[in-house]
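For reference, the structure discussed in these notes is given below.
Rule-based calculations on the coordinates, nothing more; no lab input. Keep in mind that this is a model prediction, so the values were computed, not measured. Here the Cβ positions follow ideal geometry from the backbone for every residue, glycine too, while neighbour counts run over all protein chains shown.
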Amino acid sequence: MEQDTIFAPATAPGRAALAVVRISGPRALEALRTLTGDVPPARRLSLRVLRDSSREEVLDEAMVAAFPGPASATGEDLVELHLHGGRAVVAAVCDRLATLPGLRIADPGEFTRRAFLNDRIDLTRAEGILDLVDAETDAQRRQAVRQATGGLAAALDGWREILVTAMARLEAFIDFPDEDLPDSLQTEIRAGLSSLDAAMAAALAEGSRAELVREGLRIAIVGVPNAGKSSLLNWLAKRDVAIVSATAGTTRDVLEVHLDINGYAATVADTAGLRETPDEIEAEGVRRALARAEAADLTLVLADASDGEAGRDAMRPYLVQESALAIATKIDLVEGPAPAPWIGLSTRTGAGTEEFLTALGTAMADRMDRVGSVALTRARHRDAVGAARAAVGRCLEALETGAPLEIAAEDLRIATAALGRILGRVDVEELLDRIFGEFCLGK
Ligand SMILES: Nc1nc2c(ncn2[C@@H]2O[C@H](COP(=O)(O)OP(=O)(O)OP(=O)(O)O)[C@@H](O)[C@H]2O)c(=O)[nH]1
Ligand SMILES: [Mg+2]
């Protein structure tokens, strides 16, 4: 059966100078000919008039390009229509395409899925493209572009190469059971696997850093009522997101804002002031505040500078985690600076805010910057590398104890398959829907 030809707007809906509609599949070039009367030269933009079915009415005058498969982004015949960006233009062209036989609107992520199925990209590059489309901060963009251009795939291929080499050497001796594995070869295999183990350990030791860059650091602001938590959130957000008032207990629920802080993505949560209270609703707010502080990657612990030492002491229990930053608010109300490690700041006068931003930037970089090893941007990457590393460890042990070579070789096969899963080379069917379902339409 012929593969469906799919089409979809590749640009966001709404008024804009241009809107790109893409068509991919066996009937893409035919669809272009139907609209324009011919198929222009491959891989070049050409100006064409697009007409409706009567061939009398003009739908739009547009730049069009044809990319014959398999050397196209999807691996199939691919067409791009660079239309004028009005909603009605895009709607008219898409309506027209929908009437053509064998054409249908694409599912989310279907273009990239086809690129993957046609071997144009591996799964990590596909994920990188998804992240690039979603990137809102510079750190996210840098990480995504590295993955989309094959950074992770290259590292994983290098690792697989080591495994395959070791496997080939072992297999050679499995076929000749009378011969012992020579010491020199044994040493060589072990050296390769040990360096691989170290590389995987380094990548895993980075923990979820790369994931934090993708998903954003979770920051919680906590403190007693009236400490200035909502004021600090508003200051960070540069707008009035939270209600600020002189009444203690103003904020009752957790309020979240997604922000770009120094190029890093963060979700900052304002919370209810911490105090014992008979008010049931406020008490629930306090419970939520504590839960949020617990779950946060970074906690901003606030004490009102005008409450002096007693105020700071009251917040001490929340400072035990190393993931906390101590902030003395309303520093404009007192003489002199706050005692270290407290950072004094006033959102009213702006005093100390620069020092605070520097400290915040450092704390975020500490959690998110990588020291250069392989970026595992998803839990599924880390799970698979963990499984591969465990198998390599078992193989090294088998070699050490002189276990049958078949056992050592089997562990190498398990490790190779685990890394192959990340790239999408082994049993991935069940993964595909999940990964490509996250895409937006037209990607
Ligand atoms: N002088 C001075 N007053 C401030 C500053 N920041 C906040 N305030 C005042 O302190 C009061 C409480 O501020 P909020 O930001 O609502 O405090 P909060 O911690 O969110 O309070 P709750 O939501 O009730 O827990 C308000 O009257 C603010 O105007 C500051 O830097 N200097
Ligand atoms: Mg508040």
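From the backbone phi of region 262-276, what are the Karplus-calculated ³J(HN,Hα) couplings (6.51 cos²θ - 1.76 cosθ + 1.60, θ = phi - 60°) in whole Hz, Gly and Pro given as x?
The phi angles translate into 6, x, 10, 7, 9, 10, 9, 10, 8, 10, 5, x, 7, 6, 6 Hz.
Taking the Cα centre of the chain as origin and charging only Cβ (+1 Lys, Arg; -1 Asp, Glu), how large is the dipole, in debye to the nearest 20?
For the chain, the charge dipole is close to 1460 debye.
Between Arg288 and Thr11, with labels modelled 7 Å along Cα→Cβ, what's the label distance in nm to one decimal, could you check?
So the label points at Arg288 and Thr11 sit 4.1 nm apart.
Quick query: amide H of Val39 versus all other amide H atoms, modeled in the peptide plane; which residues come in under 5 Å with a sequence gap of 5 or more or a different chain?
When sequence neighbours closer than 5 places are left aside, there are no close amide H contacts.
Using only Cα atoms, figure out Rg for region 213-368 and give it as a multiple of 2.2 N^0.38 Å.
0.95
How much net charge surrounds Gly393 when only the other residues with a Cβ under 11 Å from the Cβ of Gly393 are counted, with Lys and Arg +1 and Asp and Glu -1?
Around Gly393, the surrounding residues sum to -2.
Could you calculate, for the chain, the ratio of the Cα radius of gyration to the Kirkwood radius, expressed as Rg to Rh?
Ratio value, two decimals: 1.10.
Sorted from fewest to most neighbouring beta carbons within 10 Å, what does the list Val20, Val213, Val58 look like?
Lowest to highest Cβ neighbour count: Val58, Val20, Val213.
Can you give me the distance in nm between label points at Asp240 and Asn262, each placed 7 Å from the Cα along the Cα-to-Cβ direction?
About 3.0 nm separates the two model spin labels.
Using the Cα centre of region 213-368 as the reference point, and only Cβ charges (+1 on K/R, -1 on D/E), how large is the resulting charge dipole? Debye, rounded to the nearest 20.
240 debye
Tabulate in residue order the Karplus-calculated ³J(HN,Hα) for region 9-15, using 6.51 cos²θ - 1.76 cosθ + 1.60 with θ = phi - 60°, rounded to whole Hz; enter x for Gly and Pro.
Values per residue, Gly and Pro as x: x, 9, 9, 5, x, x, 6 Hz.
If each residue's Cβ is checked for other Cβ atoms within 10 Å, how do Ile219, Ile414 rank with the fewest at the top?
Ile414, Ile219
Compute the relative contact order of the chain as a whole-number percentage, counting only Cα pairs closer than 8 Å that sit 6 or more residues apart in sequence.
Taking the mean separation of contacting Cα pairs over the length of the chain, I get 16 percent.
With unit charges on the beta carbons (Lys and Arg positive, Asp and Glu negative) and the dipole taken about the Cα centre of region 213-368, which residue among Met364, Gly352, Ile327 sits farthest to the positive side?
Selected residue: Met364.
Rounded if a/c is under 1.5, else prolate if a/b beats b/c, else oblate: with a ≥ b ≥ c from the C-alpha gyration tensor eigenvalues square-rooted, which is region 5-106?
Rounded.
Give me Glu284, Glu335, Glu76 sorted ascending by neighbouring Cβ count inside 10 Å, so fewest comes first.
Glu335, Glu284, Glu76
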